[in-house]
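Input: a single structure, listed below in structure tokens.
The values are calculated or read from the model by the stated rules, or taken from the named source; none is laboratory data. Please read all numbers here as calculations on a predicted model, not as lab measurements. Methodologically, a virtual Cβ is constructed for each residue, glycine included, from the backbone with ideal geometry; neighbour enumeration extends over all protein chains shown.
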Amino acid sequence: MEISTPGRICLFGEHQDYLGLPVIAMAISLRMKIFGEKRFDKVINIDMPDIGKNKVFSLENLDYTHSRDYFKSGIKVCQNEGLNFTNGFNCKINSKIPISSGTSSSSALNVSWINFLSKMADNPVEWDQKKIGAMAYKAEVKEFKESGGMMDQYSTAIGNLIYLESIPKIRIKKINSKLGSFVLGDSGESKDTMKILDRCKESQKLVLEKVYNNNNKFDLFKDSQNLNLSKLNQTEKRLFKGVIENKSVLEIALKELNKNELDNVIIGNLFLKHHSILRDVLKVSTPKIELMLDSAIQAGAFGGKINGSGGGGCMFAYAPVNPEKVAEAINRVGGKAYIVDSDTGTIKT
């Protein structure tokens with residue numbers, strides 16, 4: 001059995017999905033693959049040669065040994081859905097997705113694993129991609145009470161370009177825009193994803209709570225005019241303005257992406273507007289990311305932004321014209337560039 005799942009970039013709505021706000025995300029043509037077969041005992045043996053690691057455990061003991069014990073949590077959530085596993089597996093994982101860099105390598109792993117388990121259970125099921133994304137969200141976020149939203153799991157499961165709402169209920173719409181190529185740039189800078197997510201999430205939630213407490217008719221999902229912000233200090237006002245501006249940028253972008261003919265300049269400028277809020281308000285960019293982005297723009301990219309939680313990791317440049325030149329510019333300043341396009345979701349290959 002072989003399962004293949006893409007990484008993803010967040011086009012619009014970065015640091016918004018955990019607030020329940022919509023996001024626009026795109027699966028990319030860097031993929032993770034799980035190869036596996038059943039054993040005759042209850043051992044799970046997972047070889048991960050790309051990172052020089054091997055994971056071995058038994059189906060008879062699924063107690064978590066660390067906070068992101070995803071292989072065990074995947075089995076547990078599948079069992080909770082009625083799947084049974086009598087035999088263990090030998091598996092091998094290979095990936096082209098940059099690790100811990102904001103391109104959802106962990107979610108691609110969870111989605112791949114859930115898809116694999118659903119097909120290798122004693123009573124296999126054919127879950128659709130949306131169901132696989134939902135199960136991966138349970139295994140990755142709910143099981144460990146993590147701070148992330150559900151964009152990563154649904155985006156990597158469903159693939160291509162999607163608009164995702166999570167409130168009042170999950171609604172996913174595929175967007176058929178032909179955006180063309182992007183250049184993903186890995187800074188090589190390590191980052192503490194959970195720490196950054198916790199900081200950004202909690203600071204924004206506290207500000208929104210204050211606004212709600214002082215504005216009985218305030219609704220984050222509707223109009224945000226004529227609000228009483230007197231209880232907010234200057235830092236909190238900037239944070240609140242950032243939330244509203246990010247939301248507005250996504251709404252404008254969604255209209256542009258649904259047009260028959262895309263204006264690359266408008267899309268690129270919207271990426272830069274979104275990035276400026278992430279950089280100046282949420283403080284998640286780094287000097288190297290800024291250098292890579294500036295170099296990409298000078299080389300002809302229409303725009304771009306930091307990708308993922310930030311604090312290091314990856315950025316991307318929108319480069320439907322001459323992406324090779326943009327990639328060279330990113331490489332020259334010390335990044336590692338990948339030319340990527342929209343790609344399909346998780347599949348059995």
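Structure above, values below:
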| item | result |
| --- | --- |
| Identity of the residue in region 307-344, farther than 18 Å from Pro6 by Cβ, of a type in the set (Gly, Ala, Ser) and within 16 Å of the chain's Cα centre (by Cα), that ends up surrounded by the most Cβ atoms within 10 Å (Cβ to Cβ) | Ser309 |
| Residues satisfying the stated conditions in region 100-133, i.e. in contact (Cβ under 8 Å) with a residue 24 or more places away in the chain, closer than 21 Å to Asp343 by Cβ and of a type in the set (A, V, I, L, M, F, W, C) | Ala108, Leu109, Val111, Trp113, Ile114, Phe116, Ile132 |
| Scan of region 96-117 for residues that are in contact with a helix residue (DSSP H, G or I) (Cβ under 7 Å, 6 or more places away or on another chain) and farther than 19 Å from Gly148 by Cβ, ordered by number | Asn115, Leu117 |
| Filter result for Ser112 (in contact with a Pro (Cβ under 6 Å, 6 or more places away or on another chain) and at pLDDT 95 or above) | no |
| Criterion (over 16 Å from the mean Cα position of the chain (by Cα) and either surrounded by 19 or more Cβ atoms within 10 Å (Cβ to Cβ) or of a type outside the set (Ser, Thr, Tyr) (or both)) met by exactly one of Asn123, Asn160 | Asn123 |
| Cβ-Cβ under 6 Å pairs, at least 6 apart or on other chains, region 42-64 side within 27 Å of Pro98 (Cβ to Cβ), far side acidic (Asp, Glu) | Asn54/Asp47 |
| In region 309-335, the residues that are out of contact with any helix residue (DSSP H, G or I) (no Cβ under 8 Å at 6 or more places or on another chain) and among the basic types (Lys, Arg) | Lys325 |
| Which listed residue is surrounded by 20 or more Cβ atoms within 10 Å (Cβ to Cβ) and not small (Gly, Ala, Ser), from Phe144, Phe182 | Phe182 |
| Single condition Met135 does not satisfy, out of (1) within 26 Å of Leu250 (Cα to Cα); (2) modelled with pLDDT of 95 or more; (3) within 17 Å of the chain's Cα centre (by Cα) | (1) |
| Near pairs, Cβ below 7 angstrom, 6+ apart or cross-chain, from region 282-299 (closer than 23 Å to Ile244 by Cα) to any residue that is among the aliphatic types (A, V, I, L, M) and modelled with pLDDT of 95 or more | Val284/Leu278; Val284/Ile306; Ser285/Leu278; Ser285/Ile306 |
| Counted residues, region 90-120 - those being under 18 Å from the mean Cα position of the chain (by Cα) and among the aliphatic types (A, V, I, L, M) | 6 |
| Residue selected from region 61-112 under the condition outside any strand (DSSP E or B) and of a type in the set (Phe, Trp, Tyr), by the criterion nearest to Lys191 (Cα to Cα) | Tyr70 |
| Qualifying residue in region 158-181 (condition: among the acidic types (Asp, Glu), touching a residue at least 12 places away in the same chain (Cβ under 8 Å), under 26 Å from Lys283 (Cβ atoms) and not assigned by TED's automatic domain parsing to the domain that holds Val243) | no |
| Top-ranked residue of region 1-20 - restricted to ones that are charged (D, E, K, R) and under 18 Å from Cys314 (Cβ atoms), ranked as surrounded by the fewest Cβ atoms within 10 Å (Cβ to Cβ) | Asp17 |
| Residue within region 29-37 that is assigned to a helix (DSSP H, G or I) and within 19 Å of the chain's Cα centre (by Cα) present | no |
